[in-house]
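Peer 1: What follows is a single structure, and I will ask about it in a moment.
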Amino acid sequence: MKKKNREPVNPEKQVINQDEKRKKLLKQIGIAAAIILLIMLILLLMKCEGCSSESSKNRNWEKNGHSYESKLDGSELFGDGSEYDNTDYGKMNFDASDEESARLEKERLEKERLEKERRDKERLDKEQLEKEEKRRAEEAKKKAEEEKRLKAEEEKRLKAEQKRLADEEKARKAEAKKAAEEEKKRKAAEEAARKAEEDKRKAEEEAKKIEEKRRAEEAALKAEEEKRKADEAAKKSLEAARKKAEADNALSEKMKKIAERYMNSESESEKAKLLDEGAALAQEILKKNPDDDSAHYMLAQDALKKKKYQNALDEILKAIALNETNYLYHYDAGKIQYILKRYEDAGGSFSRSCELNNQYAPSRYNLGLTYIKLNNEDKALEAFKQSVKINPEYEKGYLEQARVYNRQGKLAECVKAYDTLITKFPDNISAMMELGSVYYQNGKLDESEAQYRKALLGLNKSEERTLTEYNLSRVLYDKEILEEARKYAWLAYDERDFVLNDIQQANIIYNYALIQEDFGKTDEAVRLYNEALVHNPNHVKSKVNLSAIYMAQEEPDADKALELLLEAYKTDKNDFSVNNNLGTAYFLKNDNQKAVDFYKRALSIEPLDTSAMLNLANVYTKDSIVDDAADLYNKVIVLEPENLEAYVGLAKIQIQKGEAQGAYRNLLYVRGKNPSFRKAEVDSLIAVLEN
């Protein structure tokens, strides 16, 4: 239905309409009440006419009406219709006025409903219109206020801009005025200066004439005086040259004595004092005499102390050029060349020092160290032997002999050299520690343990003690003396702060974590492995062991393990454990192809490792690659004839291939070797084969 356009509301007209509606409604209510009363009377008359003859006998005519036991109520008036069940409604005669009244009443009620709806609609429309007008008024008010605010801000901005322009104009005028005044002053000053300069020039010209005359008069007198002074100066110059030569000789002698004392001194404090004095004196001497070899030597020592190695080498080579036969000059040149990694040059310098003085043990010893750098262990060994032959108390010579023998794999000679050193120098704890490491590397755990315990007796808390406790712990762990291994691992861990090297600290923490894990303290081990990674984020073994713990959980965390192992793989792609564990992590994630790739890579690193073979065989078994799996199980059995895991795996493959007899024989072997090994699985497989 198309809506009609609504006219503006007139409040006064609205009040009048409401009064008329109220009157009309009251009138309608009165009519309705009259109709209802009329209907009730008609029904009552109908009931009276239907009374039976029996009831008419009981009427009390004296009272001119009906006599009832109770008052007339609604049920008696309208009834429920039950007494008319057999009535012939077609024969009943209803008053037509009742139907009309009902119709009129229905029409009235419908009109009232429509009127109410109309009034409600008008009221809602009015309220909506009022709200809309109020909203528009508020928006207009806000818009006016915003325009007023913007206008005020614009006026304020314009005023500020006008003020700024005025201020700038004022400042510009003031500046122009000031500049004009300064220009005026400048021109006045220039004029005054010009005039003063002119006056000065005239005065100078006059003075010059006077001075020239005076000088001409003094020239003759001065020439005569200069001649006299020249004669005296010649005499003084000869005397000064004689004294200077004597003084220079004295300084050179002093320099030589300082250099000799420095070379021969064994006191570090005295050498430091001599070096300071000698360096200062050398600077003074070389200004006058650049050919003083002792001065160049002392400057070389000063530069060496300050770690200015190239300067030190330049100075010592100058000293050698001036005095080639000084064996100590060549010895020091060799040391500096060794520091600069110029090993061929260092070897030549030490050899020349030995030629000039074959009884100087340090030259032989350092020549040996240089040969090691030049990968000539035999010549190095001979040089170290010569050093202790020259000086039987030259401790370092014995130590380096032992180290050369160790690198050459000559265990007996190495041990003998260390024993000789320890016998001659019982306080050399480092030698005991090194000998313990040599024994450990060669699998002689008892001898290694004895050396480490002996070393600990002479050590207070220090870095050396901490490292020795760590080494002893490793030896005891390999000997499966776990309680004592844990004791020394804990001592090393507790004293780890004595060790300044982060990598060594990480190894100490890792060692303690490994032993704690063996004792079933997994949570503590996890904490310690993570602590080791704080000191050395690239500690591969800690990452490998952490990954193994995560994969061995009741609910394996393959993702966390994989994250650690991939980090370890970046550090060392050729580590067997990293590749083997990566295979297991991918196997847990059902990525069998990657698992196979990493297990194969692990076997390329350690081809005879049976754990990697079994892991790869298990993947092949899962993927039904039965022939390759069987080959791996058989290979494990050849390498480890009592590896029950391999027998069970091979039996399962044989069952798949229909080789029941071979499978039955392998399973019986497992039961006979260890009845409890995977008992339920083995028993069920045997039962299947027997049936």
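The values are calculated or read from the model by the stated rules, or taken from the named source; none is laboratory data. Keep in mind the model is a prediction, meaning the values are calculated, not measured. Quick reminder, even Gly has a Cβ in these numbers, built from the backbone with ideal geometry, and neighbours come from all protein chains shown. For accessibility, only protein heavy atoms count, side chains too; no ligands or nucleic acids. Shrake-Rupley method; radii C 1.70, N 1.55, O 1.52, S 1.80 Å.
Residues are listed down the side, and each one gets a yes or a no for (1) more than 25 Å from residue 477 (Cα to Cα); (2) among the hydrophobic types (A, V, I, L, M, F, W, C); (3) in contact with a Phe, Trp or Tyr (Cβ under 6 Å, 6 or more places away or on another chain):
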{"residue": "397", "(1), (2), (3)": "yes, no, yes"}
{"residue": "410", "(1), (2), (3)": "yes, no, no"}
{"residue": "415", "(1), (2), (3)": "no, yes, no"}
{"residue": "419", "(1), (2), (3)": "yes, no, no"}
{"residue": "422", "(1), (2), (3)": "yes, yes, no"}
{"residue": "436", "(1), (2), (3)": "no, no, yes"}
{"residue": "439", "(1), (2), (3)": "no, no, no"}
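Peer 1: While we're here: Criterion first (in contact with a Leu (Cβ under 8 Å, 6 or more places away or on another chain), at negative phi and open to solvent by less than 80 Å² (accessible area, probe 1.4 Å)) does residue 625 satisfy it? Steps first, please.
Peer 2: On the way: in contact with a Leu (Cβ under 8 Å, 6 or more places away or on another chain): no; at negative phi: yes; open to solvent by less than 80 Å² (accessible area, probe 1.4 Å): yes.
No; evaluated as a whole, the condition is false for this residue.
Peer 1: Of the conditions (1) open to solvent by 20 Å² or more (accessible area, probe 1.4 Å); (2) of a type in the set (A, V, I, L, M, F, W, C); (3) at pLDDT 85 or above, residue 319 fails just one. Which one is it?
Peer 2: (1)
Peer 1: Can you confirm whether residue 464 is of a type in the set (Asp, Glu) and either at pLDDT 95 or above or surrounded by 23 or more Cβ atoms within 10 Å (Cβ to Cβ) (or both)?
Peer 2: no
Peer 1: Filter region 545-586 for residues that are touching a Lys or Arg at 6+ places or on another chain (Cβ under 6 Å) and within 22 Å of residue 607 (Cα to Cα) and give the result.
Peer 2: Correct list: 568, 579, 586.
Peer 1: Have a look at 644, 639, 616 and point out the one that is within 43 Å of the chain's Cα centre (by Cα) and not β-branched (Val, Ile, Thr).
Peer 2: Step by step, each of 644, 639, 616 is checked, and only 616 is within 43 Å of the chain's Cα centre (by Cα) and not β-branched (Val, Ile, Thr).
Peer 1: Right, another one. Would you check if there is a residue in region 655-665 being open to solvent by 20 Å² or more (accessible area, probe 1.4 Å), out of contact with any helix residue (DSSP H, G or I) (no Cβ under 8 Å at 6 or more places or on another chain), within 25 Å of residue 582 (Cβ to Cβ) and not β-branched (Val, Ile, Thr)?
Peer 2: No, because not a single residue in region 655-665 is open to solvent by 20 Å² or more (accessible area, probe 1.4 Å), out of contact with any helix residue (DSSP H, G or I) (no Cβ under 8 Å at 6 or more places or on another chain), within 25 Å of residue 582 (Cβ to Cβ) and not β-branched (Val, Ile, Thr).
Peer 1: Among the listed residues 413, 434, identify the single one that is among the acidic types (Asp, Glu) and open to solvent by 70 Å² or more (accessible area, probe 1.4 Å).
Peer 2: Being among the acidic types (Asp, Glu) and open to solvent by 70 Å² or more (accessible area, probe 1.4 Å) holds for just one of 413, 434, which is 413.
Peer 1: Out of 328, 313, 369, report the one residue that is surrounded by 18 or more Cβ atoms within 10 Å (Cβ to Cβ) and under 17 Å from residue 389 (Cα atoms).
Peer 2: Sole residue among the options that is surrounded by 18 or more Cβ atoms within 10 Å (Cβ to Cβ) and under 17 Å from residue 389 (Cα atoms): 369.
Peer 1: Counting only residues that are of a type outside the set (Gly, Ala, Ser) and under 11 Å from residue 365 (Cβ atoms), which one in region 378-393 is least open to solvent (accessible area, probe 1.4 Å)?
Peer 2: Initially, region 378-393 is screened for residues of a type outside the set (Gly, Ala, Ser), giving 378-379, 381-382, 384-386, 388-393.
Applying the additional criterion that residues be under 11 Å from residue 365 (Cβ atoms) yields 384-386, 388, 390-391.
Details: 384: 0, 385: 81, 386: 54, 388: 19, 390: 40, 391: 58 Å².
Among those residues, the one meeting the criterion is 384.
Peer 1: Something else about it: Looking at 616, 632, which one is of a type in the set (A, V, I, L, M) and open to solvent by less than 20 Å² (accessible area, probe 1.4 Å)?
Peer 2: Numbers: 632 fails: open to solvent by less than 20 Å² (accessible area, probe 1.4 Å).
Result of the check over 616, 632: 616.
Peer 1: Pairs please, first residue from region 262-277 and under 16 Å from residue 332 (Cβ atoms), second anywhere and of a type in the set (Phe, Trp, Tyr) and open to solvent by less than 40 Å² (accessible area, probe 1.4 Å), Cβ atoms under 7 Å, 6+ apart in sequence or on different chains.
Peer 2: Cβ pairs passing all conditions: 271/262; 274/262; 275/262.
Peer 1: Can you list residue pairs whose Cβ atoms sit under 6 Å apart, with the first residue in region 23-35 being closer than 17 Å to residue 102 by Cα and open to solvent by less than 100 Å² (accessible area, probe 1.4 Å) and the second being at pLDDT 75 or above and of a type outside the set (A, V, I, L, M, F, W, C)? Count only pairs 6 or more apart in sequence or on different chains.
Peer 2: 28/108; 35/101
Peer 1: How do the helices (runs of 4 or more DSSP H) wholly within region 295-372 filter down when requiring 1 or more residues that are among the hydroxyl-bearing types (Ser, Thr, Tyr) and without any contact (Cβ under 8 Å) to a residue 24 or more places away in the chain: which remain?
Peer 2: By residue number, 343-356.
Peer 1: Okay, next question. What's the total number of residues in region 320-345 that are within 54 Å of the chain's Cα centre (by Cα) and under 17 Å from residue 301 (Cα atoms)?
Peer 2: So the answer is 13.
Peer 1: For residue 301, indicate whether it is open to solvent by 40 Å² or more (accessible area, probe 1.4 Å) and either closer than 25 Å to residue 266 by Cβ or not basic (Lys, Arg) (or both). If you could, list the steps in order and put the result at the bottom.
Peer 2: Numbers: open to solvent by 40 Å² or more (accessible area, probe 1.4 Å): no; either closer than 25 Å to residue 266 by Cβ or not basic (Lys, Arg) (or both): yes.
No: the conditions fail for residue 301.
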